[in-house]
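Just so you know, all these numbers are worked out from the coordinates, no wet-lab data involved. What you are looking at is a predicted structure, and each value in this text was computed from that prediction instead of being measured. With ideal geometry, Cβ positions are generated from the backbone for all residues, glycine too; neighbour counts draw on all protein chains shown.
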Amino acid sequence: MLHDSAILPLVTALVAGALAARMGGSAARRFAPQKALWAVGLLLFAAASGAAAYGVADGWGEASFTVYYLAGACLCVAVLGAGSAFLALPRSFALVVLGATATACVGAAVSVILAPVDLAVLGQASGLAAPTSDALVGNARIWAIAMNLVGTSLLVAGAAVSIARRRRPGPNAAILVGVLVIALAGTLTRLGAEELLYAGQLVGLVVLGTGMEWANRSVARAPQPAPA
């Protein structure tokens, strides 16, 4: 039987997975680098939320915490931000960001997977509270700080630049609000409001996904140039 506390992160995982499929399908129909990267980022969000649901329901272990921390705390926002770089930066610079992000993802994956996990810290998590980064022994947690900072900055910059240029301001405003709500949820958790983490993530994810879907529909409705 599913533990009641696991319902919210499980729903978040399902919503993120559905949004990833929608974004991936849109990228397959009409490819754009940001669409492909957003699809991967949303899939990582789904993996992290799924690991959280498992950890909350059955108790946190090394595997569930590693997936949660690597996919959610390290990689997700960085990959989403790399997608937004293609909206905020010239393509040549965006490709540099993509290469740097890919390299950082490999470094973060190796560091987090090889880092020892403190089982005593994992055992302190209860209810909706996720284990803190203290469960990761060593300096691997530095990857999460750096990659989240850069990824969030790129997401905010991408949306802000598009709004300033009056390019689909509505969808980009929704993307910006969704990112800020997700970031706020993480901040509230560090201040002791753990019960707001998954609720805030779910609300922010829905707003973020709405903005992305809205942007895709705006592009699809845009008039196509006449053939020469």
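In the chain, which helices (entire DSSP H runs) extend 30 Å or more along their own long axis, judged by Cα positions, while averaging at least -1.0 on the Kyte-Doolittle scale?
7-29, 33-58, 91-114, 142-164, 169-190, 196-221
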> Among Thr66, Thr103, Thr152, which one moves the most in a GNM of the chain with springs linking Cα atoms closer than 10 Å?
Replying inline: Thr103
>> Give me the percent relative contact order of the range 4-221, please, defined on Cα pairs under 8 angstrom at least 6 residues apart.
In response: 20
>> Mean-square fluctuation check for the chain, GNM, Cα pairs under 10 Å: which of Leu89, Leu114, Leu208 is largest?
In response: Leu114
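Quick one: grab the alpha carbon gyration tensor of the range 17-145, order the square roots of its eigenvalues as a ≥ b ≥ c, and give me rounded if a/c is under 1.5, else prolate or oblate depending on whether a/b is larger than b/c.
On the way: a/c = 3.25, a/b = 1.68, b/c = 1.93.
Oblate, because a/c is 1.5 or more while a/b does not exceed b/c.
Translational D (Stokes-Einstein, µm²/s) of the range 136-190 at 10 °C and 1.306 mPa s when Rh comes from the Kirkwood sum over C-alpha pairs? Present the calculation step by step, with values, prior to reporting the outcome.
Numbers: Rh = 12.5 Å.
Roughly 128 µm²/s, to the nearest whole number.
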> For Ile175, Ile182, what ranking results if the residue with the fewest other Cβ atoms within 10 Å of its Cβ goes first?
Replying inline: Ile182, Ile175
>> Using the Cα centre of the range 4-221 as origin and beta-carbon charges of +1 (Lys, Arg) and -1 (Asp, Glu), tell me which of Ala48, Ala135, Gly209 is placed farthest towards the positive end of the dipole.
In response: Gly209
> Once volume of the Cα convex hull per residue in Å³ is worked out from the coordinates, which option in (i) 112; (ii) 120; (iii) 132 does it equal?
Replying inline: (ii)
